[in-house]
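Comments concern the structure below.
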Amino acid sequence: MQRGNLDDLLAFVGVARERSFTRAAAKLGVSQSALSHTVRGLEARLGVRLLTRTTRSVSPTEAGERLLQTVGPRFDEIDAEVAALSAFRDRPAGTIRLTATDVVIDTILWPKLSNFLRHYPDIKIEIVVDYGLTDIVAERFDAGVRDGEQIAKDMIAVRIGPDLRMAVVGVPAYFKKRPPPKTPQELVEHDCINLRLPTHGGLYAWEFEKGGRQLKVRVDGQLVFNGTAQMLNAALAGFGLAYLPEELVLPHLSKGRLVQVLADWCPPYPGYHLYYPSRRQASPAFALLVDALRYRGKR
């Protein structure tokens with residue numbers, strides 16, 4: 001049905017319910033003459049009279065009453081559904097889909113979300129663990145989390161954590177058999193636990209920097225994983241050296257279960273950011289989430 005026909009039906013319903021062109025015109029925000037012309041046009045197209053007009057009143061004909069009882073409730077349902085949508089604008093509710101690595105989820109997202117969700121029981125969060133550079137728009141995510149160096153220019157980025165560092169670690173027993181590496185190049189002589197990332201097309205090359213000099217070292221060993229939690233477990237089990245986010249290994253370093261090497265080759269880099277499309281119309285729920293995750297510590 002064409003939009004003009006819907007407008008004509010709305011005009012008829014307004015007049016039939018008000019039993020007055022004057023009151024209906026005021027309610028619809030149109031002139032009385034325009035409203036009368038619209039209804040006459042509808043009657044002409046349908047080939048039946050819908051309203052009986054006198055100098056004192058307006059009432060539906062039999063055909064008009066049938067149309068009113070059939071069409072009127074449908075418009076009421078549409079109005080109710082449209083009004084219900086305002087709940088997503090006026091109160092924090094709805095589902096928010098996020099993508100992040102398990103390290104980010106465990107160290108940043110979950111500590112904040114556990115408190116956030118208790119305050120907003122109508123908000124639902126879905127988090128997908130992903131180590132690839134997922135297209136959040138194509139995959140219908142509301143937002144993703146990456147470190148500051150990996151975010152596309154057309155995205156809005158909100159910092160949600162402090163600067164980060166990577167750490168090369170191994171158990172003390174490992175270094176009793178082999179001397180600790182003094183430079184990144186010496187890692188090729190060690191058993192290392194590799195990480196395979198879908199976006200790198202192969203094994204991840206360990207990245208280092210010192211005095212403006214940047215190095216990427218491809219290491220070898222018995223084990224390859226696609227998640228950092230498994231790499232940490234393998235390192236703790238003594239299967240070699242692992243290159244992991246420092247915040248993940250700090251508890252083990254403090255208790256002496258792991259030893260860090262090449263620390264001077266692992267400078268800080270921009271921390272994790274929540275990112276989402278710049279054209280996104282933020283719902284109240286999403287705006288509240290962004291504010292809850294925002295990092296407020298020292299840069």
Rg/Rg_globular for the chain, with Rg_globular taken as 2.2 N^0.38 Å and Rg from C-alpha atoms: 1.68
Contact order normalised by residue count of the chain, Cα under 8 Å, 6+ apart, percent: 22 percent
Residues other than Ala237 with Cβ under 13 Å of its Cβ, Lys/Arg counted +1 and Asp/Glu -1, net out at 0
Gain upon complete extension [Arg257, Val158; 0.36 nm per residue less C-alpha separation]: 32.2 nm
With the charge dipole of the chain built from beta-carbon charges (+1 for Lys and Arg, -1 for Asp and Glu) about the Cα centre, the Cα from Val290, Ala80, Gln214 projecting farthest to the positive end belongs to Ala80
Sparsely packed GluC sites (Glu not before Pro) within segment 193-296, loop by DSSP, other Cβ within 10 Å at most 15: none
Using unit Cβ charges (K, R positive; D, E negative) and no other charged atoms, how large, in debye to the nearest 20, is the dipole of the chain about its Cα centre? 660 debye
Where both residues lie in the chain, what percent of DSSP beta bridges are antiparallel, nearest 5? 70 percent
Arg213 to Arg165: FRET efficiency via 1/(1 + (r/R0)^6), r the Cβ-Cβ distance, R0 22 Å, to the nearest 0.05? 0.80
Kindly provide the pair-distance distribution of segment 210-299 built from C-alpha pairs, with 10 Å bins from 0 and whole-percent values in order of increasing distance. 11, 31, 29, 20, 8
Exceeding the 31 Å Cα-Cα cut-off - candidates Lys112/Lys177; Lys112/Lys182; Lys176/Lys216: Lys112/Lys177; Lys112/Lys182
Can you give me the distance in nm between label points at Ser114 and Ala229, each placed 7 Å from the Cα along the Cα-to-Cβ direction? 1.4 nm
Note: Thr107 to Arg19 extended length (0.36 nm per residue) minus current alpha-carbon separation gives 25.2 nm
Computed over segment 145-256: relative contact order in percent, which uses C-alpha pairs under 8 Å that are six or more apart: 34 percent
Above 22 Å lies some portion of the pair distances; for segment 3-90, what is it as a whole percent of all C-alpha pairs? 27 percent
The farthest towards the positive end of the charge dipole of the chain, of the residues Leu35, Ile193, Tyr204, given +1 on Cβ of Lys and Arg and -1 on Cβ of Asp and Glu, is Leu35
For segment 166-265 (alpha-carbon point model, no solvent) the Debye-based log₁₀ I(q)/I(0) at q = 0.20, 0.22 Å⁻¹ works out to -1.00, -1.22
Under the 0.36 nm per residue contour assumption, what length would be gained going from the current alpha-carbon distance of Glu126 and Gln69 to full extension? 16.2 nm
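Any read-out appearing in this document is the output of simple, stated calculations on the displayed coordinates, not a laboratory observation. Keep in mind that what you see is a predicted model, and the values were worked out from it rather than measured. Cβ: placed from backbone, ideal geometry, glycine included. Neighbour counts: every protein chain shown.
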